[in-house]
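Note sheet for the following structure.
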Amino acid sequence: MRLFVAAPLPLDVRERLAGLCAGLPRARWVEPHNMHITLRFIGEVDGDAAEDADAALAQVRHQAFDLGLAGIGHFGSGRRVRSVWAGVEGAEELVHLRQKVESALVRAGHDPEHRKFHPHVTLARLKSTPAARLGDYAAAHNGFAVAPFRLERFTLFQSRRGNERVHYEALAEYPLAG
Ligand code: 3AM
């Protein structure tokens, strides 16, 4: 099974984000119920490894904290822009949480993640979207912001692919201390 760890987003935040999901040609928009902030991609694992990851994640201790969203960005450049996303504001605590998640997974036997962490909410995956259209889109939405909301848990998701749609199913939730 294909797993990743993420911060889930409240419904009202996902509804705000859904308002950004239009106006880019050749975009595959993320459905609002699938929106999240990935903390750590785990990848394909068997049932035993999934149980070990779950046990390790259940050991993570961290306070609940506030975070907001602000701005629009993208990964890739020129004709190879792969995705557009909403940025995270005040991500210091999220970075700490992500470090704890990373340490827990490495202790559970996963290879360390060496790529830099760029907290974001993916809005769309793109293929050959003209750069000018992306510029117009970013300019139109650059003032986007969501007021801080409380993150009270993080989640282990399974990514399933079925008839052309991807579905993220929450396998386990880990509360942050209130
Ligand atoms: O939060 P986002 O949507 O940016 O891109 C995938 C998605 O991130 C990422 O894991 C999240 C849940 O699918 N992902 C997929 N394959 C990946 C890989 N091989 C990956 N991240 C890193 N390495």
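The values are calculated or read from the model by the stated rules, or taken from the named source; none is laboratory data. From a predicted model like this one, the values you see are computed outputs, not experimental measurements. Here the Cβ positions follow ideal geometry from the backbone for every residue, glycine too, while neighbour counts run over all protein chains shown. Just so you know, the surface numbers come from the protein's heavy atoms only, side chains and all, with ligands and any DNA or RNA stripped out. Shrake-Rupley method; radii C 1.70, N 1.55, O 1.52, S 1.80 Å.
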Checklist entry - What size of dipole, in debye to the nearest 20, comes out for segment 45-86 about its Cα centre when the only charges are +1 on Lys and Arg C-beta atoms and -1 on Asp and Glu C-beta atoms? => result 600
Checklist entry - Averaged per residue, what accessible area in Å² does segment 88-178 show with a 1.4 Å probe, protein chains only? => result 62
Checklist entry - Relative contact order (percent) for the chain, with alpha-carbon contacts under 8 angstrom and 6 or more residues of separation? => result 33
Next on the checklist: Would any residue of segment 143-178 have its amide N under 15 Å from a label point 7 Å out along Cα→Cβ of E113? List them or say none.
Outcome noted: 154-159
Item to check | Shape parameters for segment 84-178, alpha-carbon atoms, Rg then Dmax in Å | outcome: 16.7, 45
Checklist entry - Taking the chain as a Gaussian network, where each spring joins two C-alpha atoms under 10 Å apart, which residue of R133, R61, R165 fluctuates the most? => result R165
Checklist entry - How high is the relative contact order of segment 42-91, given as a whole-number percent (alpha carbon pairs under 8 Å, six or more residues apart)? => result 29
Next on the checklist: Give me the dipole magnitude in Debye, nearest 20, for the chain about the Cα centre, with unit charges on the beta carbon: positive for Lys and Arg, negative for Asp and Glu.
Outcome noted: 880
Checklist entry - Residue farthest toward the positive end of the dipole of the chain, with Cβ of Lys/Arg at +1 and Asp/Glu at -1: which of A22, P175, V121? => result A22
Next on the checklist: Nearest 10 degrees is fine. How inclined is helix 131-141 to the longest principal axis of the chain, computing both from alpha carbons?
Outcome noted: 70
Item to check | Binned Cα-Cα distance frequencies in segment 18-70 - 5 Å width, integer % | outcome: 4, 11, 15, 18, 16, 14, 12, 8, 2
Next on the checklist: Step by step: find N for the chain, compute 2.2 N^0.38 Å, then divide the Cα radius of gyration by it. What's the final number?
Outcome noted: 1.04
Checklist entry - In segment 28-113, what percent of the accessible surface is made up of carbon and sulfur (1.4 Å probe, ligands and nucleic acids excluded)? => result 46
Checklist entry - What are the ³J(HN,Hα) values, in whole Hz, obtained from phi via the Karplus relation 6.51 cos²θ - 1.76 cosθ + 1.60 with θ = phi - 60°, for each residue of segment 24-35 in sequence order, with x given for Gly and Pro? => result 10, x, 6, 9, 9, 6, 6, 6, x, 5, 9, 6
Item to check | Theoretical ellipticity at 222 nm over the chain - DSSP helices of four or more residues, -39500 (n - 2.57) apiece, nearest 500 | outcome: -8000 deg cm²/dmol
Checklist entry - What's the FRET efficiency of A58 with E15 using the Cβ-Cβ distance as r and R₀ = 25 Å, to the nearest 0.05? => result 0.25
